[in-house]
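The values are calculated or read from the model by the stated rules, or taken from the named source; none is laboratory data. As the structure is a computational prediction, the values presented were derived from the model and not from experiment. Cβ atoms come from the backbone with ideal geometry, glycine included; neighbour counts cover every protein chain shown. Areas reflect the complete protein model, heavy atoms only, side chains present, ligands, DNA and RNA absent. Shrake-Rupley method; radii C 1.70, N 1.55, O 1.52, S 1.80 Å.
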Amino acid sequence: MKRVLITDDVHALLLEGLEKEGYSVDYRPKISQDEVISVIHLYDGVVINTKTKAYAPLLEKAKKLKFIGRLGSGLDIIDLPLAAQKGIRVYSAPEGNRNAVAEHALGMLLALLHKLPAADRTVREGLPWNREAYRGRELMNLTVGVVGCGNTGSSFVKKLGGMGVKVLIHDKYRHFLAEGISWASQCTLTELQENADVISLHLPLTSETQYLVNDEFMNRCKKGVILINTCRGKVVDTKSLTEHLKTGQVGGACLDVFENEHPDTFSTQEKALYTRLYEFPQVVLSPHVAGWSVQSKKRIAEVLLSKICHSVGIQTNDIPQL
């Protein structure tokens, strides 16, 4: 019987569906990276999330492996060329959490504009109500730039449809076309930087996108731009971001992802950097949970199960679409 190892928490329907397809499923959501490497030779398939990396140390041990299922979208945790070389198909499920990410990005943006985190603390701490200090800014009539228009980017564009905004889209690899999207238009990155009041990032992490948002990028933006990052932490240079928040070149940031997402491993320099970032009142933060909804957990399982059953995997020359 074919065996599948599931290394992270998943909706039960994925386990049940794989078993109906004739797989013997080992569900070990607390398994460590080293443990996965030590047993991977026993399995025909493996389902992973961010804590498990399918790089060379794992893939070289995977003698029987036919497929890797990715719970979500980011494929930077998989060595795609090596997987292709070994004939291992890769399945991901960006369709499963794209709506959750889009809603989360919009929610963070509205919370920032209307100063909700600080206002909430004032009420909870029983402080005098300085209502003027929490006078918000409306999203309506602003220009929102969307960099990357795959699954999550296009979902975010659609969410903005009723908000009374103008949307500028830049995607190097695809032309965004959708019926009835009158509020959005495609443009160059330079045009987007010069005109957007808000820039939301929806990019995979690749050698091309790593630290795309650096000093040069932010200096080209409209002064006071608000940055949203719900894709990958290393798309943004955190040190550069803190400097531009300090000067006001960046007027605010909504961050769900970070360069280092394991606070217990922070170096002395990282502790100082993140402490500085956390002190800015014009920053809204969440712990990489944008795609983490009750509905997306089920939807990711449904999408992944369908792709595995129908062998709909990616090829190494495909552009990963978040």
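Some notes on this structure:
- Highest mean packing first, where packing is the average number of other Cβ atoms within 10 Å per residue, the peptides 83-94, 152-163 line up as 152-163, 83-94.
- By average C-beta atoms within 10 angstrom, highest first, the peptides 210-221, 289-300, 256-267: 289-300, 210-221, 256-267
- 3J(HN,Hα) from dihedral phi, the range 282-290, Karplus parametrisation 6.51/-1.76/1.60, rounded to Hz, x for glycine, proline: 8, 10, 10, 10, 8, x, 6, 10, 4
- Sequentially through the range 65-81, phi angles give Karplus couplings (6.51, -1.76, 1.60; θ = phi - 60°) of 4, 9, 8, 10, x, 9, 6, x, 10, x, 9, 5, 8, 10, 7, 4, x Hz, Gly and Pro residues having no value and appearing as x.
- Other-chain or far-sequence residues with amide H under 5 Å of Val284's (modelled H): Ala253, Cys254, Leu255
- Rounded to the nearest 20, the Cβ-based charge dipole of the range 67-146 about its Cα centre (Lys and Arg +1, Asp and Glu -1) stands at 40 debye.
- Axial C-alpha extent at least 18 Å, average Kyte-Doolittle at least -1.0 - helices from the chain (DSSP): 94-113, 294-310
- Amide H contacts of Lys66 (H built 1.01 Å from N, under 5 Å, at least 5 apart or other chain): Gly45
- Sulfur and carbon atoms: percent of accessible area, the range 172-297 [1.4 Å]: 53 percent
- Alpha carbon centroid spacing (whole Å) that separates the range 209-240 from the range 256-297: 15 Å
- Cleavage-rule hits (trypsin sites (Lys or Arg not before Pro)) in the range 95-137: DSSP loop, at most 10 neighbouring Cβ within 10 angstrom: Arg135
- Per residue value of the accessible surface for the chain (all protein chains in place, 1.4 Å probe), Å²: 49 Å²
- Cut-off 11 Å between beta-carbons: net charge of the residues surrounding Arg98, Lys and Arg +1, Asp and Glu -1: +1
- Centre-to-centre separation between the Cα atoms of the range 116-135 and those of the range 1-75: 47 Å.
- Rolling a 1.4 Å probe over the protein heavy atoms of the range 82-158, with every protein chain left in place, gives an accessible area that is 49 percent carbon and sulfur.
- Percent accessible area from carbon and sulfur atoms, the range 1-63, protein chains only, probe 1.4 Å: 52 percent
- From the coordinates shown, semi-axes √(5λ) of the Cα gyration tensor in Å corresponds to which of [x] 42, 27, 16; [y] 31, 25, 18; [z] 37, 22, 19: [z]
- Long pairs among Lys86/Lys271; Lys51/Lys307; Lys51/Lys166, criterion Cα-Cα beyond 31 Å: Lys86/Lys271; Lys51/Lys166
- Residue with peak Gaussian network fluctuation, the chain [Cα springs, cutoff 10 Å], from Thr143, Thr206, Thr247: Thr247
- Point-charge dipole on Cβ atoms (K/R +1, D/E -1) for the chain, about Cα centre, debye to 20: 340 debye
- Among the GluC sites (Glu not before Pro) within the range 17-115, those in coil by DSSP and having at most 15 neighbouring Cβ atoms inside 10 Å are Glu21, Glu60.
- Residue with peak Gaussian network fluctuation, the chain [Cα springs, cutoff 10 Å], from Glu279, Glu125, Glu270: Glu125
- When each of Lys159/Lys223; Lys30/Lys298; Lys53/Lys172 is checked by Cα-Cα distance, pairs over 23 Å: Lys159/Lys223; Lys53/Lys172
- Of the residues Ile37, Ile226, Ile48, the one that moves most in a GNM of the chain with alpha-carbon contacts below 10 Å is Ile37.
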